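> Just passing along the structure, written as structure tokens.
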Amino acid sequence: MVDVSDKPSTRRTAVAFGRIHMQAATLTTVAAGHARKGDVLGVARIAGIQGAKRTADLIPLCHPLALTRVAVDLWADEATLSVCCEATVETVGPTGVEMEALTAVQVALLTVYDMCKAVDRGMVIGDVRLLEKHGGRSGSFVAR
């Protein structure tokens, strides 16, 4: 692990995004809340939050962090036939939360896949990326 003991604690925020493409019928079922396994978007939201909190257990050499906020939003995008996910993660500490935000998005989208795979095995997760990060020595990053 990288030694962060000399770094000052500052407020750090990261926002990540991703989507899972699916068939139109699958998206309609998810948006209406009629999936056989239950409320796909609600369960995926909780899974994303859990993923952010467990990032250090999943990513080697990632620091365990005391997160102060995790928000995971999911919505159906009919124009792209996908469920979109955006995760915002915050902490006050010596290292950033980019990995936690990216992990939250991936875990949420994997949960959507798991809950819908019985009707649509052709779903594709993609467009996962960091949208922005703030805090720390490197300052801010905002994707263009």
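The values are calculated or read from the model by the stated rules, or taken from the named source; none is laboratory data. What you are looking at is a predicted structure, and each value in this text was computed from that prediction instead of being measured. Reconstructed Cβ throughout: ideal geometry from the backbone, glycine too, with neighbour counts over all protein chains shown. Ligands, DNA and RNA are excluded from the accessible area calculation, which covers all protein heavy atoms including side chains. Shrake-Rupley method; radii C 1.70, N 1.55, O 1.52, S 1.80 Å.
> I'm told residue 80 meets every condition in (1) open to solvent by less than 10 Å² (accessible area, probe 1.4 Å); (2) touching a His at 6+ places or on another chain (Cβ under 8 Å) except one. Can you identify the failing condition by its number?
Evaluating residue 80 over (1) open to solvent by less than 10 Å² (accessible area, probe 1.4 Å); (2) touching a His at 6+ places or on another chain (Cβ under 8 Å) leaves (1) as the failure.
> Determine whether residue 65 is of a type in the set (A, V, I, L, M, F, W, C), within 19 Å of residue 2 (Cα to Cα) and either open to solvent by 60 Å² or more (accessible area, probe 1.4 Å) or not in a helix (DSSP H, G or I) (or both).
yes
> Spot the failing condition for residue 43; the list is (1) under 17 Å from residue 111 (Cβ atoms); (2) of a type outside the set (Ser, Thr, Tyr); (3) touching a strand residue (DSSP E or B) at 6+ places or on another chain (Cβ under 7 Å), and only one is missed.
(3)
> Report, by residue number, each residue of the range 88-105 that is among the polar types (S, T, N, Q) and in contact with a Gly (Cβ under 7 Å, 6 or more places away or on another chain).
103
> What are the residues in the range 34-53 that are open to solvent by 100 Å² or more (accessible area, probe 1.4 Å) and either hydrophobic (A, V, I, L, M, F, W, C) or free of Cβ contacts under 8 Å to residues at least 12 places away in the same chain (or both), if any?
Across the range 34-53, the qualifying residue is only 34.
> Output yes when any residue across the range 134-142 is in contact with a Ser or Thr (Cβ under 7 Å, 6 or more places away or on another chain), within 20 Å of residue 12 (Cβ to Cβ) and open to solvent by 80 Å² or more (accessible area, probe 1.4 Å), and no when none is.
Checked against the condition, which is being in contact with a Ser or Thr (Cβ under 7 Å, 6 or more places away or on another chain), within 20 Å of residue 12 (Cβ to Cβ) and open to solvent by 80 Å² or more (accessible area, probe 1.4 Å), the range 134-142 yields no hits at all.
> Checking the conditions here, which among 36, 45, 121, 129 is in a loop (DSSP other than H, G, I, E, B) and either modelled with pLDDT under 95 or within 12 Å of the chain's Cα centre (by Cα) (or both)?
The conditions single out 36.
> With assigned to a strand (DSSP E or B) and either at pLDDT 95 or above or open to solvent by 30 Å² or more (accessible area, probe 1.4 Å) (or both) as the only criterion, which of 57, 73 stands out?
73
> Got a sec? Which of 90, 86 is open to solvent by 20 Å² or more (accessible area, probe 1.4 Å), out of contact with any Ser or Thr (no Cβ under 7 Å at 6 or more places or on another chain), part of a strand (DSSP E or B) and in contact (Cβ under 8 Å) with a residue 12 or more places away in the chain?
Just one listed residue meets the conditions, 86.
> Okay, next question. Could you tell me which numbered condition residue 9 fails, if it satisfies all but one of (1) of a type outside the set (Val, Ile, Thr); (2) buried (at least 19 other Cβ atoms within 10 Å of the Cβ); (3) modelled with pLDDT under 95?
(2)
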